[in-house]
Structures are given as C-alpha cells and as structure tokens.
Amino acid sequence: MNVLITGVSTGIGATTAELLLRSGHDVYGTVRKLGDADQLALHPAFSALVMDVTNRPSIVKAMATIKASGKPLHAVINNAGIAVPGPLETIAEEDYRKQFDVNVFGNLAVSQEALPLLHAAREAGETNVKIINVSSVSGYVTAPFTSLYSASKFAVEALTDGLRRELSPFGIDVLSVAPGPVKTPIWRKANTQTKAFEGTRYAGTLDKLSAYTEATEAGAIDPELVAGIIHDMLKSERPRPDRLVTKKNWIIRLLMLAPKRWQDKMFLKNMEANKRY
Ligand SMILES: NC(=O)c1ccc[n+]([C@@H]2O[C@H](COP(=O)([O-])OP(=O)(O)OC[C@H]3O[C@@H](n4cnc5c(N)ncnc54)[C@H](OP(=O)(O)O)[C@@H]3O)[C@@H](O)[C@H]2O)c1
C-alpha cells in the first residue's frame, strides 16, 4: 500500500511511518523542515514531503508530487497536530485559532486535497482506500485546561463521521484512532504555553502544570501501540471506525455515560492527584 502520513518528525507519526515501512508499505511522510525526516529517509520506500497543514499551497504541492509518481494513493493518515493548553478565560485568540488551524482546518485541507487521488485509486479498482484521523480521547471527554485541544478533537471526530458518511458511496472509508496520553514530545512542546496562566487567577495551576505533564508522560502508552493499531486499521477491510486506545477503554466509555456533575468531580480530583485519565 502507498500511504501518506502527516507529521512524521517525531512521536506517533514517526513511529507509524517506521512500522509501515518495516511491514512493506511505501510511505510518504510530511515534515515542516526537510532534515526532520532524515532518520526515515534511510529507507528506500520512504519519501519526504515538505508540508505545513496550515499552508494550502504546500499541501497542493505535496499531492502533485504523489500524483506525479504514477502510483495509486491508498491511504492518508492525518496525524499532524498540536496541543494548546490554557484556561478558556485567558487563552489568546491567536493561540486558540492556531489550535483549530492545525488540528481541524489542517486536517480537512489535507483530506480535501488528497481525495482526488483516493477517488482515482478507487476508480482504478484499488481496494482498502481510507483516511485515518488521529484524534484523541480528548475528542470523547474534556479535561480542564486542555479544553481547546479537546474541542479540536471533538471536531476531528465530527469530520471523521461526516466524511465517512459522505464518502461511503464511493468506497472510501474514514476512521478515527483516539489515543489517551502517549509518550511523545507533544505535551512538552505545549508546556511553553504559559502566558495564558501567568499573572491571572490561574497562575497556581501553572505551578502544577509541569508536574502534571510529567505524571501524564510517566503513565502514558508507547507510540508503538498506536502505530500497531493504525497498521491493523489499514489492513482490515471493515475496521471499527472509532478506535479508542487507552490503558482501560471501558473507563472512558463509562465516564461518557456518567452525569456531567459526576464527571466534573472526577476531573477535579484527578487534577489534584496529578492524574490525567
Ligand atoms: N501524545 C499524546 O498524548 C496524544 C494523545 C492523543 C492524540 N494525540 C495526537 O497524535 C497526533 C501526533 O501527536 P504526537 O503526540 O505524536 O506529537 P508530536 O511528536 O509533537 O508530533 C506532532 C507532529 O505534527 C507535526 N505538526 C505540528 N504542526 C504542524 C503543522 N502546522 N503542519 C504540519 N505538521 C505539523 C509536528 O511537526 P514539527 O516537529 O515540525 O512540530 C510533528 O511531526 C496529534 O494529532 C495529537 O493530537 C497525541
């Protein structure tokens, strides 16, 4: 299969690219800086593409490169994403817009530009053509101070369900994989987002934030687990379209059924105990 993965410089994207290459797939991986894919470029079946998902011309150019290869594109893994934490009351407009620009509109733009290639693959008789969106457990439940990230992942869940229903007549499947905390640099990158807390009523929360991040990372799952599930979703002809990947999925499913006031208490208690999910 020929697969496009966005955001392969680190984390889930890099690990998924490595796994897919090891299992015989051809991988196009996007990075914002060309050197960030050097590790993967050692593999002959890997092609690096420079793309910023918030920059439409860079997406169009990447798709043109794939099209020019003459090979069908079987799947797109919309993995690129950022986390912009902060209190909803104080988070700056440019920051909350960036959260949505990357995670939501970037995701949609990549799908839109890839779809002509995916339709062409189907029309040429290829099977198992799909889009996999890397969502999050934050697309199912909302923890305080990462609410905007959550809002973006709820939106990714809606894009996934909507697009799947719109594309099913054309034989293109659209799926979401929703991990809980994963051992990747994402939360450390997000830790620079301190100005929403500093000098506000939420300054006390900032003091706790790095301990919270460390505790989250320590209890996180390995990216190999998520990569393995993406690998299986690609292979399967009828995978579950909403795939949670946490240590105990049943807790999340149960939490979603719990009354909202009960959920509030659990989140506040977890916050005090430096625990995420
Ligand atoms: N780690 C977790 O706990 C967790 C849990 C659930 C879901 N997820 C989701 O998993 C996905 C991957 O995250 P990760 O944890 O592996 O984090 P990561 O290691 O920080 O990887 C994120 C990737 O996205 C790229 N990226 C960021 N902004 C971009 C943009 N504007 N255009 C193109 N690429 C961009 C990054 O590139 P640069 O290196 O250039 O920044 C990087 O390659 C994200 O969608 C995230 O929301 C993560």
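The values are calculated or read from the model by the stated rules, or taken from the named source; none is laboratory data. Model, not experiment: these values are computed from the prediction. So basically every Cβ, Gly included, is an ideal-geometry build from the backbone, and we count neighbours across all protein chains shown. Protein only, heavy atoms only, side chains kept; ligands, DNA and RNA dropped before computing areas. Shrake-Rupley method; radii C 1.70, N 1.55, O 1.52, S 1.80 Å.
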Discussion item. For a quick check of your reading of the filter: which GluC sites (Glu not before Pro) in the stretch 82-130 sit in a DSSP loop and have no more than 14 other Cβ atoms within 10 Å?
Written reply: Glu89
Worksheet item: lysines near Lys248 by alpha-carbon distance under 17 Å, same-chain residues fewer than 8 away left out - which ones?
Response: Lys183, Lys275
Item to complete: For the chain, state what percent of all Cα-Cα pairs lands in each successive 5 Å bin, counting from 0 Å until the bin that includes the largest distance.
Response: 1, 6, 12, 17, 19, 17, 12, 8, 5, 2, 1, 0
Worksheet entry | Angle in degrees between helix 260-272 and the longest Cα principal axis of the chain, rounded to the nearest 10 | 80 degrees
Worksheet, complete the sentence: Long-range amide H partners of Ile82, meaning residues 5 or more apart or on another chain whose placed amide H is closer than 5 Å, are Asn103
Worksheet item: How much of the accessible area of the chain, probe 1.4 Å, is carbon plus sulfur, in whole percent?
Response: 55 percent
Worksheet item: When ranked by the protection proxy of mean other Cβ atoms within 10 Å per residue, highest first, what sequence do the peptides 188-197, 29-38, 61-70 form?
Response: 29-38, 188-197, 61-70
Item to complete: Please state the charge dipole magnitude for the stretch 2-272, taken about the Cα centre, from unit charges on C-beta atoms (+1 on K and R, -1 on D and E), reported in debye and rounded to the nearest 20.
Response: 440 debye
Item to complete: Measure off 7 Å from each Cα along the Cα-to-Cβ vector at Asp264 and Ser210, then give the distance between these two points in nanometres to one decimal.
Response: 3.2 nm
Response to the item:
Expressed in angstrom and ordered largest first, the alpha-carbon extents of the stretch 1-143 along the principal axes are 50, 32, 29
Fill in: Vicinal HN-Hα couplings computed from phi for the stretch 80-96 (Karplus, 6.51 cos²θ - 1.76 cosθ + 1.60; Hz; Gly/Pro x)
3, x, 9, 10, 10, x, x, x, 4, 5, 10, 5, 6, 4, 5, 6, 6
Worksheet entry | Tilt relative to the chain, helix 11-22 - C-alpha long axis, 0 to 90 degrees, to 10 | 30 degrees
Worksheet item: Which order, highest average first, do 209-220, 130-141, 173-184 follow once you tally other Cβ atoms within 10 Å for each residue and take the mean per peptide?
Response: 130-141, 173-184, 209-220
Item to complete: Give me the accessible area per residue for the stretch 2-272, probe 1.4 Å, as a whole number in Å².
Response: 48 Å²
Worksheet item: Mean residue ellipticity at 222 nm from the helices of the chain, using -39,500 (n - 2.57) per DSSP H segment of n ≥ 4 over the full residue count, to the nearest 500 deg cm²/dmol?
Response: -14500 deg cm²/dmol
Worksheet item: How high is the relative contact order of the stretch 149-277, given as a whole-number percent (alpha carbon pairs under 8 Å, six or more residues apart)?
Response: 31 percent
Discussion item. Checking the a/c ratio against 1.5 first, then a/b against b/c, what shape does the Cα gyration tensor give for the stretch 202-259?
Written reply: oblate
Practice prompt. Pairs of Cα atoms under 8 Å, at least six residues apart: use those to get the relative contact order of the chain, whole percent.
Written response: 19 percent
Discussion item. Taking the 0 to 90 degree range and rounding to the nearest ten, how far is the long axis of helix 147-167 tilted relative to the main principal axis of the chain, both from C-alpha atoms?
Written reply: 30 degrees
Discussion item. If the only charges are +1 at each Lys and Arg Cβ and -1 at each Asp and Glu Cβ, what is the size of the charge dipole of the stretch 67-122 around the Cα centre, to the nearest 20 debye?
Written reply: 540 debye
Item to complete: Past 25 Å, Cα to Cα, is the threshold; run Lys33/Lys189; Lys98/Lys153; Lys153/Lys260; Lys33/Lys208 against it and keep the listed order.
Response: Lys33/Lys208
